[in-house]
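Note sheet for the following structure.
The values are calculated or read from the model by the stated rules, or taken from the named source; none is laboratory data. Note that the structure is a prediction, hence the values are computed from the model and not measured. Cβ atoms come from the backbone with ideal geometry, glycine included; neighbour counts cover every protein chain shown. Protein only, heavy atoms only, side chains kept; ligands, DNA and RNA dropped before computing areas. Shrake-Rupley method; radii C 1.70, N 1.55, O 1.52, S 1.80 Å.
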Amino acid sequence: MPLDAARIALRQATGAVHERLHGVPVFARLAAGRIGTAEYVLLLRRLLGFHLGVEALLRAAPSLAPYGIAVEERRRSPLLVADLVALGAPPLAAVAPLPPAESAAWAMGCLYVTEGSTLGGQHLARALDGVLPGEAGRSFLRGYGARHGAMWRECCTAIEACGAEAGRLAAMIAGAEATFGRFESWFAAHPA
């Protein structure tokens, strides 16, 4: 079995929705550096609402500590709040409703979605060079900064350990699919 078997399975199971999300107009404009500051603020607020929902789900879920994951270290809502404040916008957001995690493996699938989203953040942060002065408003996209690589490797190790346990891979896939689906509907219902 390959060392990244669980991630391969997750990527294959969620590939279609992941591709659709790249086509969401606000994300396409962000990636192309064609987003205005006001629209970017709206996007940050939508992302804040989603991440607040995910963080509540993960706090209430069975612990991921047996896999080496401290969910409090992976909270990204403070970065979104900091970005909104840096841009002079009140950090207000409706919280996205997410279903409760059915198991630790389901929660790990949810985490796969949010942690995986950090991978393109550096590119998106650079795309804002012509939109935002300096680094203000980019901390969410910069992710964990100097710790980014280590945090991603820890997440990958946890995903593989969880996925290697009998019956857990299917639950992780269900959690990832549900999280991607909620993210997609969150932006479809209230585009930034």
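So the values come out like this:
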quantity	calculated
Of all residues in region 153-190 being over 28 Å from Leu43 (Cβ atoms) and among the acidic types (Asp, Glu), the one that is least open to solvent (accessible area, probe 1.4 Å)	Glu160
Region 1-42, residues that are surrounded by fewer than 17 Cβ atoms within 10 Å (Cβ to Cβ), basic (Lys, Arg) and closer than 29 Å to Ala82 by Cα	Arg20, Arg34
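Yes/no per residue for (1) within 13 Å of the chain's Cα centre (by Cα); (2) on the phi > 0 side of the Ramachandran plot:
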| site | (1), (2) |
| --- | --- |
| Ala94 | no, no |
| Ala101 | no, no |
| Thr118 | yes, no |
| Ala125 | no, no |
| Pro133 | no, no |
| Gly149 | no, no |
| Gly167 | no, yes |
| Ala170 | no, no |
| Ala189 | no, no |
